[in-house]
1. Is one or more of the residues making up region 13-28 near the ligand (Cβ under 8 Å from one of its atoms) and without any contact (Cβ under 8 Å) to a residue 24 or more places away in the chain?
2. What residue, of ALA211, ALA271, ALA217, ALA258, is surrounded by fewer than 15 Cβ atoms within 10 Å (Cβ to Cβ) and either of a type in the set (A, V, I, L, M) or at pLDDT below 95 (or both)?
3. Specify which of the listed residues (VAL17, VAL26) is in a strand (DSSP E or B), among the β-branched types (Val, Ile, Thr) and surrounded by fewer than 21 Cβ atoms within 10 Å (Cβ to Cβ).
4. Taking the stated definitions as given, is GLY79 more than 8 Å from the ligand (Cβ to nearest atom), within 19 Å of ALA129 (Cβ to Cβ), modelled with pLDDT of 95 or more and among the small types (Gly, Ala, Ser)?
5. Which condition number does PRO31 fail, the rest of (1) within 12 Å of the ligand (Cβ to nearest atom); (2) surrounded by fewer than 18 Cβ atoms within 10 Å (Cβ to Cβ); (3) assigned to a helix (DSSP H, G or I) being met?
6. With respect to VAL173, is the statement that it is among the β-branched types (Val, Ile, Thr) and either modelled with pLDDT under 95 or away from the ligand (no atom under 12 Å from the Cβ) (or both) true?
7. Return the residues of region 86-109 that are more than 10 Å from the ligand (Cβ to nearest atom), of a type outside the set (Phe, Trp, Tyr) and within 18 Å of THR244 (Cβ to Cβ); say none if nothing qualifies.
Amino acid sequence: MKILLTGHKGQLGRALVPLLAQHQVVGFDLPTHDITDRAGVLALVRDFHPDLILHPAALTNVDGCARDPAAAYRVNGMGTQNLALAAAAVGAELLTVSTNEVFDGRATEPYHEWAQRNPSNAYGRSKLAGEWYTQHLLTRFYIVRTAWLYAPGGRNFPHRIIQLADERGALQVVTDEVGNPTYVADLAQAIVALIETHAYGIYHLVNAGAASRHEFAQEILRLSGRADTPVEPITLAEFQRASTPPPYAPLANNAGAALGIRLRPWQESLADFLERTGYTK
Ligand SMILES: NC(=O)c1ccc[n+]([C@@H]2O[C@H](COP(=O)([O-])OP(=O)(O)OC[C@H]3O[C@@H](n4cnc5c(N)ncnc54)[C@H](OP(=O)(O)O)[C@@H]3O)[C@@H](O)[C@H]2O)c1
């Protein structure tokens with residue numbers, strides 16, 4: 001297949017590149033390529049004529065999105081619109097990567113693929129716009145929602161927790177935000193399996209099981225040999241930040257599982273990640 005891969009320098013993009021070695025891949029990332037440049041996107045897509053546009057690129061700094069919702073909408077909403085229009089122009093498939101933050105987090109059980117979307121922050125609203133353009137401008141699309149990604153070398157939660165534990169020796173972490181910690185290496189494998197199926201639709205691809213940020217932090221510290229670092233439980237209300245995350249927003253993988261695409265339990269993946277990145281003491 002000929003694949004245009006947006007955001008190939010990001011956490012997920014970097015993990016996808018080696019798994020797509022048997023395909024002809026062109027990367028599309030800042031600063032040389034910008035998904036908000038409608039004419040540039042269309043020209044490149046017309047020239048390369050991909051079979052599939054694989055689209056993880058996004059403004060992923062949720063607090064930055066809260067401070068500048070227009071920029072979030074421009075990149076995550078209209079950038080995705082540009083890719084969907086270009087895909088339509090050449091008859092390509094589009095796979096848009098989305099987020100559990102399209103849900104408001106007031107559920108009592110993990111969100112199914114068919115659950116009602118109702119984002120409560122600027123990042124979630126901008127990603128919902130990206131989903132909307134994908135869904136309404138194309139018939140051959142995948143929307144892959146995921147959550148709480150971490151990868152080697154990324155700006156992510158395990159990295160931050162270990163850094164703070166080593167610098168400060170004690171942490172405060174929220175108990176009332178629940179999601180699915182997801183190892184990017186596992187997600188990338190699942191996406192590569194999904195694009196082979198041509199079973200277009202909406203997917204929830206996350207590592208199995210859910211955790212609060214506090215439980216996630218404790219497991220990071222335990223598995224990395226830092227179990228003696230005290231972690232004080234606090235609430236979202238006590239933790240000042242620009243964006244308000246959905247409090248309970250784990251995703252349930254039904255559609256992927258029906259195709260045999262399942263990610264392993266998050267604790268197993270986290271142990272693997274910490275081992276591979278040399279974070280274990
Ligand atoms: N990270 C998470 O916890 C998480 C959770 C749920 C869903 N997701 C979704 O999963 C996807 C991948 O996330 P990730 O963690 O791999 O993101 P990431 O590491 O932030 O990578 C995103 C990439 O997109 C690039 N990009 C940003 N704006 C662009 C533009 N206008 N044109 C072209 N490229 C642009 C970024 O470049 P710069 O670095 O130069 O900005 C970066 O290389 C995203 O769609 C995200 O919304 C992520």
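The values are calculated or read from the model by the stated rules, or taken from the named source; none is laboratory data. Quick caveat, the model's predicted, so the values are computed rather than measured. All Cβ positions, glycine included, derive from the backbone under ideal geometry; neighbour counts span all protein chains shown.
1. Checked against the condition, which is being near the ligand (Cβ under 8 Å from one of its atoms) and without any contact (Cβ under 8 Å) to a residue 24 or more places away in the chain, region 13-28 yields no hits at all.
2. Details: ALA211 fails: surrounded by fewer than 15 Cβ atoms within 10 Å (Cβ to Cβ); ALA271 fails: surrounded by fewer than 15 Cβ atoms within 10 Å (Cβ to Cβ); ALA217 fails: surrounded by fewer than 15 Cβ atoms within 10 Å (Cβ to Cβ).
Matching residue, one of ALA211, ALA271, ALA217, ALA258: ALA258.
3. Working: VAL17 fails: in a strand (DSSP E or B).
Criteria check complete, one pass: VAL26.
4. Details: more than 8 Å from the ligand (Cβ to nearest atom): no; within 19 Å of ALA129 (Cβ to Cβ): yes; modelled with pLDDT of 95 or more: yes; among the small types (Gly, Ala, Ser): yes.
No.
5. Answer for PRO31: the failing condition is (3).
6. Considered against the rule, which asks whether it is among the β-branched types (Val, Ile, Thr) and either modelled with pLDDT under 95 or away from the ligand (no atom under 12 Å from the Cβ) (or both), VAL173 comes out as yes.
7. Residues of region 86-109 that are more than 10 Å from the ligand (Cβ to nearest atom), as a first pass: 86-95, 103-109.
Now narrow it down to the ones that are of a type outside the set (Phe, Trp, Tyr): 86-95, 104-109.
If the condition is that a residue be more than 10 Å from the ligand (Cβ to nearest atom), of a type outside the set (Phe, Trp, Tyr) and within 18 Å of THR244 (Cβ to Cβ), then ASP104, GLY105, ARG106, ALA107 are the ones that fit.
Per-residue answers, yes or no, for (1) outside any strand (DSSP E or B); (2) of a type outside the set (Val, Ile, Thr):
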| position | (1), (2) |
| --- | --- |
| ALA71 | yes, yes |
| GLY77 | yes, yes |
| THR80 | yes, no |
| ALA84 | yes, yes |
| ALA87 | yes, yes |
| LEU95 | no, yes |
| GLU101 | yes, yes |
| GLU109 | yes, yes |
